[in-house]
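One structure is given below, encoded as structure tokens.
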Amino acid sequence: MSTLISRRAFGLGDVLVLVTVVLWGASFTVIKSAYDEFTPLAFAAVRFVIASLGMLLILMLLRQPLAIARRDLFRVATVGIFHVGFYQIFFGVGLRYTTASNSILIINTGPVITVLMVWLTRSEPLIWRHVAGILLAAAGVVLLIEASGHFSTGYLKGDLLTLLGAWSYGVTPVLVLPLYQRYSTLSVMTSSMLFGTLLLLAVGTPELARQSWAVSPAAWTQLGYAALGAGTLGYLFWYEGIRRIGPTRVAAYTYLIPPVGVLLAVQVLREPFGLLHLAGAAVTLAGVALARWPAARRGSVSTGGTA
């Protein structure tokens, strides 16, 4: 698939990315609602079985190969284990014990972890902007946890698990970049998703065995949305947007995901969101912007804060 970046002010690429922003922003509220009838790990396992099948179907329709060289299988598996497996385990269980608003804001600190990983692997030096962004993002997360007394309630467990989820997906850009030099993005995504799904099935087996499948049509719809909407279509639209308008313009749209997600969570789930939440959100997003801004200017690819 050739890359032809459009220079128009607004086009199909922008539309695809904006649709993905809504799909991903809404997914936190959808998944939180689905937990009324699904357990988190059973939901995640079934969701990614469906999403993986969707990705395989897209590969077949586009006639793209899935073949990954033996020497790269370990790296592909590692990407899938972190970005799909560990991420969904920590995010899914964490979301059960915290609010959707906190979840989306904490998950979006992932790029800060990426900056730290880049520095630790000595790929790039750590400059003052990175340090300031890391400190601001950390302060913002503390404010979010403290909002409504989360340090003294059960929300702390969910917030910390969600932070582990952010770390899990934050390390993957460093791992995946060499693969993008040899394979198509869609092939890498599909292959890694398959490995991550295997981990979800293994870890989620006890919950899958206990899960009652006599759930409402609304719950099945929520699962379908998370699997095919936010999952398969979201990733497809996002990376097609990158192909059409370039990673720098796409990176700017990632800052719309948290406000869209929080607004929907507050309106649909009636979650509390006061001045301290607002301050925490502003400080967190400012920190993420500072930490990732130099990389975004160089044209790095971001996956945004997916659910």
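All of the numbers you see were taken from the coordinates with simple rules; none came from a lab. Since the structure is predicted, the reported quantities are computational estimates derived from the model, not experimental observations. Here the Cβ positions follow ideal geometry from the backbone for every residue, glycine too, while neighbour counts run over all protein chains shown.
Note on the chain: with a GNM built from Cα contacts shorter than 10 Å, the maximum mean-square fluctuation among PHE273, PHE28, PHE48 falls on PHE273.
For region 47-203, averaging the sequence separation of C-alpha pairs within contact (under 8 Å, six or more residues apart) and dividing by the residue count gives a relative contact order of 49 percent.
Candidate membrane-span-like segments in the chain, meaning DSSP H helices with Cα atoms spread over at least 24 Å of their own axis and a Kyte-Doolittle mean of 1.6 or above, are 12-34, 40-62, 128-146, with no membrane implied. Extending 7 Å from Cα along the Cβ direction at LEU276 and again at ALA138 yields two label points whose distance is 2.1 nm. Comparing mean-square fluctuations of TYR235, TYR183, TYR255 from a GNM of the chain with C-alpha springs under 10 Å, the top value falls on TYR183.
Adding -39500 (n - 2.57) for every DSSP H run of four residues or longer, then dividing by how many residues the chain holds, sets the calculated 222 nm ellipticity at -23000 deg cm²/dmol. Of GLY246, GLY196, GLY92, the residue with the greatest mean-square motion in the GNM of the chain, using alpha carbon springs below 10 Å, is GLY246.
Here the ratio of the Cα radius of gyration of the chain to 2.2 N^0.38 Å is 0.95. Using alpha-carbon pairs under 8 Å, 6+ residues apart, how would you state the relative contact order of the chain in percent? Dividing the mean separation by the residue count of the chain yields 43 percent.
Scanning the chain for trypsin sites (Lys or Arg not before Pro) that sit in a DSSP loop and have at most 16 other Cβ atoms within 10 Å, the longest stretch containing none of them is 183-269.
Is region 1-96 best put as rounded, prolate or oblate by its Cα gyration tensor, with a ≥ b ≥ c the root eigenvalues, rounded for a/c under 1.5, and otherwise prolate when a/b is larger than b/c, oblate when not? Because a/c hits 1.5 or more and a/b fails to exceed b/c, region 1-96 counts as oblate. Sorted largest first, the principal axis extents computed over the alpha-carbon atoms of region 48-91 equal 34, 28, 11 Å.
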